[in-house]
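J.: Here you go, one structure.
The values are calculated or read from the model by the stated rules, or taken from the named source; none is laboratory data. Because the structure is predicted, anything quoted here is derived from the model rather than measured. With ideal geometry, Cβ positions are generated from the backbone for all residues, glycine too; neighbour counts draw on all protein chains shown.
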Amino acid sequence: MTEHAPETPSEPAAEPPGGRTSRHGPAPDPVRDPWLDPMGLALEEAVRATAGGDVPVGAVLLGPDGAVLGRGHNEREANGDPTAHAEVLAIRGAARALGGWRLHGCTLLVTLEPCTMCAGAAVLARLRRVVYGARDDKAGAAGSLWDVVRDRRLNHRPEVICGVREEECGRLLTDFFRGAGDRDG
Ligand SMILES: [Zn+2]
């Protein structure tokens, strides 16, 4: 037997227990929701990159207690440095703050899926977790094109959470490249 919806609903939609309606989007996501606010800091960093003519990618490095230990945005053009990716700068800042290279228990949040260099840096820094927004199908090394962070041949494998504020993170990039027109990227 198939149930047919009545043409006119006889009852108003019931409010979920506790009155927590999902006015702001989809159902609660216990994996990604804790990272929505910190990703906002990474998004702020990403916007700063464009001032120097750089592709808007931003990152923050959180300590085990959630404190911000490092932040960074893409400064490749601004500094003429091919390794000045947001993640590397955030990791370096956190290492300086902690006074050592082992970032045990720390979480890297970045607006775009890390490249091979940054995924490698996340492993070398012994990060606990990598959280990113938009996927990078062309160069991503945390699940898309490669999966450096979870390669079983490496002795340290950070947890990966993807798709946090994915749309906002991706829109920054598409808007940037649209504005850049046919300028070489
Ligand atoms: Zn990178």
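J.: Within the stretch 123-139, which residues are more than 10 Å from the ligand (Cβ to nearest atom) and within 15 Å of the chain's Cα centre (by Cα)?
T.: Across the stretch 123-139, the qualifying residues are LEU127, ARG128, ARG129, VAL130, VAL131, TYR132, GLY133, ALA134, ARG135, ASP137.
J.: Moving to a separate point now. So, of the residues in the stretch 119-143 that are among the hydrophobic types (A, V, I, L, M, F, W, C) and closer than 18 Å to MET39 by Cα, which turns out to be surrounded by the most Cβ atoms within 10 Å (Cβ to Cβ)?
T.: This residue is ALA122.
J.: Among what's in the stretch 89-118 and is more than 15 Å from the ligand (Cβ to nearest atom), buried (at least 18 other Cβ atoms within 10 Å of the Cβ) and in contact (Cβ under 8 Å) with a residue 40 or more places away in the chain, pick the residue that is nearest to VAL131 (Cα to Cα).
T.: By that ranking, first place goes to THR107.
J.: Examine the stretch 142-153 for a residue that is of a type outside the set (Gly, Ala, Ser), closer than 16 Å to HIS104 by Cβ, in a helix (DSSP H, G or I) and in contact with a helix residue (DSSP H, G or I) (Cβ under 7 Å, 6 or more places away or on another chain), and state whether such a residue exists.
T.: Yes, there is a match, as at least one residue in the stretch 142-153 is of a type outside the set (Gly, Ala, Ser), closer than 16 Å to HIS104 by Cβ, in a helix (DSSP H, G or I) and in contact with a helix residue (DSSP H, G or I) (Cβ under 7 Å, 6 or more places away or on another chain).
J.: Hey, does the stretch 67-82 have a residue that's within 16 Å of the ligand (Cβ to nearest atom), in contact (Cβ under 8 Å) with a residue 60 or more places away in the chain, crowded, with 16+ Cβ neighbours inside 10 Å and assigned to a strand (DSSP E or B)?
T.: no
J.: Answer with yes or no whether PRO56 is within 16 Å of the ligand (Cβ to nearest atom), at pLDDT 50 or above and of a type outside the set (A, V, I, L, M).
T.: Answer is yes for this residue.
J.: Taking the conditions exactly as written (touching a Leu at 6+ places or on another chain (Cβ under 7 Å) and under 22 Å from PRO38 (Cα atoms)), does ARG171 satisfy them or not?
T.: no
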